[in-house]
Amino acid sequence: MQLMFEKRKSLSRKAIVLVPVVSFLVSLLLSGILLAIFGANPMRTFAAMFNGAFGSWSNFTETLVKAIPLMLTGLGVTIAFRLRFWNIGAEGQLVLGGVAATWVALFWSPFIPDFLLLPTVILFGSLVGGLWAGLPAYLKTKLGVDETLVTLMLNYVAILFAEGLYYGAWRDPQGYGFPGTREFPQAAWLPRFSGRAHVGLFVAIAIGLILWLVLNRSKWGFELNMIGKNQRAAQCMGVNVKRNIVLALLLSGALAGMAGAFEVTAISHRLQQGLAMGYGYTAIIVAWLSQLNPIAGLFVAVLMAALLVGGDQVQMMMGLPAAMGLVMQGMILFPMLAGSLFTEYRIKRIDKQEHAE
Amino acid sequence: METEKKPILEMRGITKRFPGVVANDGVDLELFPGEVLALLGENGAGKSSLMNVLAGLYRPDEGEIYIRGERVNIDSPRDAMALGIGMVHQNFMLVETMTVAENIILGLRDIKTVPDMGGIIKKIRQISEHYKLKVDPKAYIWQLSVGEQQRVEILKQIYRGAEILILDEPTAVLTPQESEELNHILQQMTSEGKSAIFITHKMEEVIDFSDWVRVLHQGKLVTVKKTAETNPQELARLMVGREVLFRIEKKPAQPKEPVLVLEQVQANNEKGMPVLKGVDLQVRRGEIVGVAGVAGNGQTELTEVITGLHPVSGGRVLVDGKEMTNRSPLSIIKAGVSHIPSDRIAMGVVGDMSVANNLVMKGYRKEPITHSGLMNLRKIAEFAQRMVELFRISTPSTATRVKFLSGGNIQKTILAREIDSCGGVLVAAYPSRGLDVGATEAVRNEMVAQRDRDNGVLLVSEDLEELLTVADRIVVMFEGQIMGEVQSEDANVELIGLMMAGVPKERAEKQYYGSDHATDV
């Protein structure tokens, strides 16, 4: 067999934009086929999904509610992936951030003035999320331990630890047996601005914009870029590779931890079942689909959230499984991964003639 | 002697295109049995791609190949092997953790599930004795020197029945003595009717090794000559398309105070084996000190202990009188040391970043490139444009990613950055390795220019020609130790060669001049 792909002389800008868009369309097509197999009308289902996500202001606020943690975890994963550090532990970092936030909100509140409580809760949640990502970063830089496994395994540690708390030690005695802690004091509630949509949205957007500036324009971003693209060269240029990897991962995990803190302070007002609902994994799709661009990541997060909300909607309206939204999310990734080949390679046609020879 | 020999191999009108480049443009080639053909050309002239076509790695877009007069299709290395074509690549294709014999039979199809190693080793011994290719078939590859590994590669091809041996820059890694041995091996092979093609861009080798020479320039065949009827100057002119100066213009050195001092420096490799065994070295401002030696005798580690990339386990490194032993790469850069690393792709550039970004990879920490933590894109572009013009980097734009540049232009990019940021010491490891004549000239002139600007230059090279023309003094390294030092003006290549092979200077002098001359060098 002859190689069919040839390396492009330069990155194709067209492909950078086109690949995610086409991937999305292909995933619609594939999901459409799947829907047809289920006996549903694909066009009507898509319309219902769209309607469910964007059809009314209240629907849209629900989309935003889910977009916020996706934005933050997506941005966190973006930082790590830019370094070629495969942090697939955003889920665990989010959960542990939520746990840390809960700890402060529930047990420190008597000792902290009301106006300081919420900031402390959020910051502590972020800090712990950061440390949870810093641990595999430290292991990787110090001992060369593969980060993929460590970050993945730490997810389970965090999720089960959280479960242990809200089923056990922290369980609300007045909770009618429902697994969850008692409600936070009101001073630890993150304000909502419409429906359940909360001010975390503006924080996430601001972070996205700042992160774009930091990654693309700052001295530190330049160093991270060098490390991600050629670690050895970065070292030769005097960049402290290990310290930067650990710092970047602390930041990566902190964003996921913040997402967890937002979830418990704005949505559930307590730590309960359902915090680990896969945002940290969807974050990987957000990061890839946005081509590791933080600003694009904000929009992709909304799109992914719309699929989730739309999926819930088709379950209610059309009796289809809500997992349909997740299936579509997954289906975007395949053409995306296949398509990213085209930004660096192109198909050479001459080879086909040669084969025919 | 037959009046008209028939070529064993003919390539007719070979054209190979890559996106945006025509690597080979209608190239013809003839090879006669019992002869050695030299394929000469600059980097990017199309030598390697032509040979890759022959070895079955590339498919030509146009053209025909005939072996012993018969048209053949070579679709894979296996096809090439079946036709008796064997290629020894520049980077050896050997499995380090396996023995010589295992490597030789690796991938062969007619080997039993449980190979008869005894018989195989016997056959290898026969071949190796016959061709004086001294290798122990039971040795592991990692135990062998680079020269020995090359012998294994050649053995492998002969074992597999190669009638046509292709050698891609075979002497780049060899001592002068080893090159000489290689020449004997080739002669032995050709005397038995086998033939060889070897790729090179060194004129002397063409003269020493070959019967015929074909010169490629920008993908086209420029000339075919009988080696006996040409000379290095003519070949160089044909190769670059202009006259080349072989000696660069250089005033006598005016060394000043020492700027880089190594005292009894020791270092170990990752396995804990000593690679530098007490190296004393001084580089003064305004001089170029050359380090000669066969690759892998501690030269790379030497450059890396100076630049802070490799830990020092004993001794001291001083830069401008300041203690720099085991300091971070950054503090050493700040002390004024710039570095042209041995592996330019892996260490010198970030291929996926732009030329402009690569040019500021040392200067980005300073104003006005960076202002309060943010990088000034306009200033970067201006700086890059200036560097591109100053160092004649040939690139479509400063925004082009470095990995799309040619080796020479990648090296010029590194050179521009390192020279711009140089504050006293320039450590250059194999700066012209693999570069064509034009780029080599630019690199060498820049070394001399640095010296004339009162910087101290440490030049590590495996090219004696380069050391003799560029360096003022030459030290010779062997197994992590310095065997001796010679002034480059009155240096003797044979003497340096002996030291490169591990003979200390005094003994080398005795051996070479006889004992009565030992004192006057």
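The values are calculated or read from the model by the stated rules, or taken from the named source; none is laboratory data. Fair warning: this is a prediction, and the values are worked out from it, not measured in the lab. Quick reminder, even Gly has a Cβ in these numbers, built from the backbone with ideal geometry, and neighbours come from all protein chains shown. Ligands, DNA and RNA are stripped out before the accessible areas are found, and what is left, the full protein with its side chains, is counted by its heavy atoms. Shrake-Rupley method; radii C 1.70, N 1.55, O 1.52, S 1.80 Å.
Things worth noting here:
- Only helices enter the 222 nm calculation for chain A: every DSSP H run of n ≥ 4 contributes -39,500 (n - 2.57), and dividing by all residues gives -23000 deg cm²/dmol, rounded to 500.
- Per-residue shielding of B:340-350, expressed as the average number of other chain Cβ atoms within 10 Å of the residue Cβ, stands at 4.
- For the listed peptides A:133-142, A:252-261, a ranking on the average number of other beta carbons within 10 Å per residue, highest first, reads A:252-261, A:133-142.
- For chain B, a crude dipole built from +1 on the beta carbon of Lys and Arg and -1 on the beta carbon of Asp and Glu, taken about the Cα centre, is about 1520 debye to the nearest 20.
- Restricting attention to chain A, lysine pairs at least eight places apart or on different chains and with alpha-carbon atoms under 27 angstrom apart total 19.
- Calculated FRET efficiency for the pair A:Trp57/A:Ala322, C-beta based, R₀ 30 Å, to 0.05: 0.85
- Close amide H contacts of A:Arg196 (hydrogens built in the peptide plane, cut-off under 5 Å, sequence separation of 5 or more or a different chain): none are found.
- Label-reachable residues, the range B:493-515, where backbone N falls under 16 Å from a point 7 Å from B:Asp208's Cα toward its Cβ: B:493-501
- Shape of chain A, Cα gyration tensor, a/c cut at 1.5: oblate
- Taking amide hydrogens as placed 1.01 Å from N in the peptide plane, the amide H of B:Phe478 sits under 5 Å from those of B:Met483, each at least 5 positions away in sequence or on another chain.
- The protein assembly as shown: C-alpha gyration tensor shape, a/c 1.5 cut-off, then a/b vs b/c: prolate
- Helix axis angle, A:294-318 relative to chain A longest principal axis, alpha carbon, degrees: 70
- Heavy atoms of B:Thr395 accessible to a 1.4 Å probe, total area in Å² rounded to 10: 30
- Protein-only accessible surface order, largest first, of B:Leu459, A:Leu131 at 1.4 Å: A:Leu131, B:Leu459
- Straight-distance candidates among the aspartates and glutamates for linking to B:Lys122, with alpha-carbon spacing under 12 Å and chain neighbours fewer than 8 residues away dropped: B:Asp136.
- With 0.36 nm allotted per residue and the present C-alpha distance subtracted, the A:Leu116-A:Asn216 stretch has 32.7 nm of extension available.
- For chain B, calculated [θ]222 nm from helices alone, where every DSSP H run of n ≥ 4 adds -39500 (n - 2.57): -9500 deg cm²/dmol
- Percentage relative contact order, the range A:67-301, counting C-alpha pairs under 8 Å, at least six apart: 44
- Calculated FRET efficiency for the pair A:Val199/B:Glu270, C-beta based, R₀ 60 Å, to 0.05: 0.70
- Remark: accessible surface ordering of A:Asp172, B:Asp343 (largest first) is B:Asp343, A:Asp172, probe radius 1.4 Å.
- Coupling constants for the range A:159-173 follow from the phi torsions by the Karplus curve (6.51 cos²θ - 1.76 cosθ + 1.60, θ = phi - 60°), and in residue order they are 5, 6, 4, 4, 4, x, 6, 7, 8, x, 3, 9, 4, 6, x Hz; glycine and proline get x.
- Helix A:114-143 axis, angle to chain A major axis (alpha carbon atoms, nearest 10°): 50
- Cα-projected label distance for B:Glu465 with B:Lys251, points at 7 Å along beta-carbon direction, nm: 2.8
- Per-residue shielding of A:223-233, expressed as the average number of other chain Cβ atoms within 10 Å of the residue Cβ, stands at 6.
- Rounded to the nearest 0.05, the FRET efficiency derived from the C-beta distance between A:Phe38 and A:Val145 at R0 = 51 Å is 0.75.
- Peptide-level mean, for A:207-220, of C-beta atoms on other protein chains within 10 Å: 2
- With DNA, RNA and ligands ignored, accessible area of B:His371 (1.4 Å probe; Å², nearest 10): 110
- Summing Lys and Arg as +1 and Asp and Glu as -1 over all other residues whose Cβ lies under 14 Å from the Cβ of A:Val121 gives a net charge of -2.
- Helix A:323-339 and the longest principal axis of the C-alpha atoms of chain A enclose an angle of approximately 40°.
- 3J(HN,Hα) couplings calculated from phi for the range B:109-116 with the Karplus curve 6.51 cos²θ - 1.76 cosθ + 1.60 (θ = phi - 60°) are, in sequence order, 8, 8, 10, 5, 4, 9, x, 7 Hz; Gly and Pro show x.
- The range B:211-222 - phi-based ³J(HN,Hα) in whole Hz, Karplus 6.51/-1.76/1.60, Gly and Pro as x: 9, 10, 9, 10, 10, 9, 9, 6, x, 10, 7, 8
- The mean sequence separation of alpha-carbon pairs under 8 Å and at least six residues apart, normalised by the residue count of chain B, gives a relative contact order of 14 percent.
- Note on B:Lys505: lysines with a C-alpha under 29 Å away, same-chain residues under 8 apart excluded, are B:Lys132, B:Lys134, B:Lys202, B:Lys250, B:Lys251, B:Lys256, B:Lys277.
- Ranked by how many other beta carbons lie within 10 Å on average, peptides B:398-407, B:151-160 from highest: B:151-160, B:398-407
- Cβ crowding within 10 Å averaged over residues, with A:46-57, A:288-299, A:90-101, B:350-361 ranked highest first: A:90-101, B:350-361, A:288-299, A:46-57
- Under 5 Å between amide hydrogens, built in the peptide plane, is the criterion, and for B:Glu35 it picks out B:Ala196 among residues at least 5 positions away or on other chains.
- When B:Arg507, B:Arg433 are compared by accessible area at a 1.4 angstrom probe, the order from most to least is B:Arg507, B:Arg433.
- Relative contact order [Cα under 8 Å, 6+ residues apart], the range B:235-362, whole percent: 21
- For B:Val319, the shell of other residues with beta-carbons less than 11 Å away shows a net charge of +2, using +1 for Lys and Arg and -1 for Asp and Glu.
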